[in-house]
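In what follows, a structure is listed as structure tokens, so that the remarks can point back to it.
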Amino acid sequence: MVVGAANKGKTSLLLHLTKKGRINRCVDVAMSFNNIPLATVGVELGDWEYSPHTKAPKVTFMTWDFGGQAEYYATHQCFLTKRSLYILVWDVTDGEQGLLDLRPWLENIEGRAPESPVFVLATHVDKLPQDTRKTQLEHFKTRFRELYIEYPNSRYMYPRVHRHCFFVNCFDNKHMDVMRDEIYDFVTKYKAPGMSLSTWVHACDLGRIKRRRHATVHEQKLYGRKNDTKYIRP
């Protein structure tokens, strides 16, 4: 689930992230005249199948791209579910305030989906002045750890935030390759609370049952019995 405030680059990030593998979206992403994604309305859904190489098993991610406009915040809470991987996006050009603005998002995820893993991504790295970019990024990395990883009682205040904040330029293929593999490696090793490792990996693949957009509730219950787990809401 890709979340964050408006105009932070969530849709662009998802578009470039899913360029490798196979993506199937409910609707095509609306683009402006200069080929920039328009603001997301509500939530845009899709299925992204990815494997880092031919010998690795394929994983299907059910992608949820949340619009960041304030008028959607109330309804977004209805869709924040447990056993999901959250990608929280902020704009690095917002500086220190951008980091501080992550707090209500993390608190909201913790309130609605406690124990859920969260990757924090900073976009628009290419817009930082080149002569001071390295110094600024080191500062933001330190402040991120101070605010959300090393802060006293942070483990009780926030969900399972990844120990690193990732800084990316969506147009840099190397950045996107690193993020794809980081996400893939994480979901294939992570054990969600109450689930076996194999069930967590297979849960990502539920949407492919009978080549349809979603599995039915009955099919998901049967799938859960087969894998010795309870019905999982995707």
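The values are calculated or read from the model by the stated rules, or taken from the named source; none is laboratory data. Source: prediction; values computed, not measured. Neighbour counts are summed over all protein chains in view; Cβ atoms, including those assigned to glycine, are modelled from backbone coordinates with ideal geometry.
Here are the numbers for the structure shown:
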| item | result |
| --- | --- |
| Options 165, 204; residue that is modelled with pLDDT of 90 or more and buried (at least 19 other Cβ atoms within 10 Å of the Cβ) | 165 |
| Residues that are crowded, with 20+ Cβ neighbours inside 10 Å and either at pLDDT 85 or above or not assigned by TED's automatic domain parsing to the domain that holds residue 112 (or both), drawn from segment 12-49 | 13, 14, 16, 17, 18, 47, 48 |
| Among (1) surrounded by fewer than 16 Cβ atoms within 10 Å (Cβ to Cβ); (2) more than 17 Å from residue 161 (Cα to Cα); (3) not charged (D, E, K, R), the one test that residue 114 misses | (2) |
| Members of segment 131-162 found to be at pLDDT 95 or above and assigned to a strand (DSSP E or B), listed by number | none |
